[in-house]
Amino acid sequence: MEKRAHSHAYRQMMAKRLSNRERSISKKTSTRKRVFSTCGDINQDQLQKLLQLNKDRVILELKTSDKWYLRRKGTLFSWHRDLYRILFNFTEHRLFDQFILFVVLFNTATLVAQTFENVAVRAAWFMSAIDGAFISIYLMEFVLKFMVWGFLYFKNPWNNIDFCIIFVSMIDFILPFVKTGNVSDNTSAVFQFLKIFKGIRAVRAFRVLRTVKFLQSLMTIVSTCIQSLQSMGAIIILMFTFLLMFAVIFREMFSQSDPEHFGTMFKTIFTLFQLLTLDDWSFTYSISRDNGAPHIIIFLILYIVVEYFTFLNLFMAVLVDNFQLTIKRRMFTKFQKFQETFEDELESIRKIEPTPTSQTDEAFYQEALKLAYVDKKICQSEVDTICTYLKLLAAIEQNQQTFWSQAAVLDRLIDTFFEVRPSLRFHMKHYYLILK
């Protein structure tokens, strides 16, 4: 029995060692790097170029094939590639974004105009027609960008907002036809549940949010606020916790002296939220003081100091700090771009070195002169003089080209310096303080 137990324990130990060895081998093989490589690291741009060259090669092979259906396939692929390039250049052009921004602003103006009763009554048909035109433009933009980007379109959160706005606008456009019965019975049965959205026309106001996508400053503000939600969440929870704590205190102590403000728990919470904005706090104090509770001033001051001067200012400080971090990040990015441009321009200046005239190929000039004056008899001194003139002209042209290139480089450096001068001044001051 002891031998069997010993052998069983030995087998378990060996099995555990083998399993651990297999795990270590699998980890090593999964994370093992290639010792020999046929090429170096390829960045994303080079990979895209290689893929594009491969597509061009496949299309060329299909077009030059002996079989007619392969040639047709290559022609279709070529048309598809050309159409994709046209759509990409069209949707990514600056004028296209400016046109969509103009349409969004004009649509916002029409939505504001429809709030006036005279405009809503007299121009109802015109407003409905122009609203349909706006929806058509939004739908066209979505279709074109989806054709270009595919499902990558939905990876951008701003595109998701645009899609939701377009979807709600389409429902708003279809609902009147469903209600009036202009659509067939089957279609109306499908959309029957949409009649519960009686106030869906008010959702059209969200189209104004599309302007945020086209303005970089607004995008920065909105993205900073969204990034600050995680930090502000803890502050909001603390504010709400202290609000409930003070609500219980005020409800228990001052419900008799001021039942209008502290009669129930909901009234107390509403009153404390109103006090958070420092609105009519003296009026609330005067009512309780007249009814025999002047000590309410102690709790009011304590509540205002904790909620307003502490938590609310801390809430604003988080926003300001995140805005400053965003601005510094943008300035640092501009400074990095300026530094890269500066290094590239210095590299280009170093590469521009005038070649001495002694290194010019004199035999080339002599052969050129012989070919030009093959019918004329000229002496060797004239040939040497013309060669000297040509050397001087070549040297002058080369020096002039060098001067122009250096002047252009200096102009670009000066323009870039004035563009990022605030960030450069900030970093130079920072470096000076470090050196000091």
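Just subtract the alpha-carbon distance of W79 and S223 from 0.36 nm times their residue separation and send over the number in nm, one decimal. Numbers along the way, then the final one.
Details: separation 144, 0.36 × 144 = 51.84 nm, distance 3.96 nm.
Using 0.36 nm per residue and subtracting the Cα-Cα distance, I get 47.9 nm.
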Report summary line: Row for the range 229-291, column shape: gyration tensor on C-alpha, a ≥ b ≥ c, rounded if a/c < 1.5 i.e. under 1.5, prolate if a/b over b/c, else oblate; value prolate
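Applying 1/(1 + (r/R0)^6) with R0 = 51 Å to the Cβ-Cβ distance of S128 and V248, what FRET efficiency is obtained, to the nearest 0.05?
With a Förster radius of 51 Å, E is 0.45.
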Query raised in the report: Once label points are set 7 Å from the Cα along Cα→Cβ at both K334 and M265, what is their separation, rounded to one decimal in nm?
Result: 5.3 nm
Report summary line: Each label sits 7 Å from Cα toward the beta-carbon; between F96 and L139 the label points are separated, in nm, by 1.9 nm
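Excluding A123 itself, what net charge comes from residues whose Cβ is under 15 Å from its Cβ, given Lys and Arg +1 and Asp and Glu -1? Mind showing how you got there, number by number?
Values: positive: R122; negative: E117, D131.
That sum, taken over residues with Cβ under 15 Å, equals -1.
How high is the FRET efficiency between E382 and T402 when r is their beta carbon distance and R₀ equals 22 Å, given to the nearest 0.05?
Working: r = 31 Å, r/R0 = 1.39.
About 0.10, to the nearest 0.05.
Could you work out how much longer the chain between K155 and I304 gets when fully extended? Use 0.36 nm per residue separation minus the Cα distance between them, nm to one decimal. Mind showing how you got there, number by number?
Working: separation 149, 0.36 × 149 = 53.64 nm, distance 4.39 nm.
Working it through step by step, the gained length comes to 49.3 nm.
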Report summary line: Fewest to most Cβ atoms within 10 Å: T108, T284 sort as T108, T284
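A short reminder: the numbers here are calculations on the coordinates, not readings from a lab. Keep in mind it's a predicted model, so treat the numbers as computed, not measured. Backbone-built Cβ (ideal geometry, glycine too); neighbour counts: all protein chains shown.
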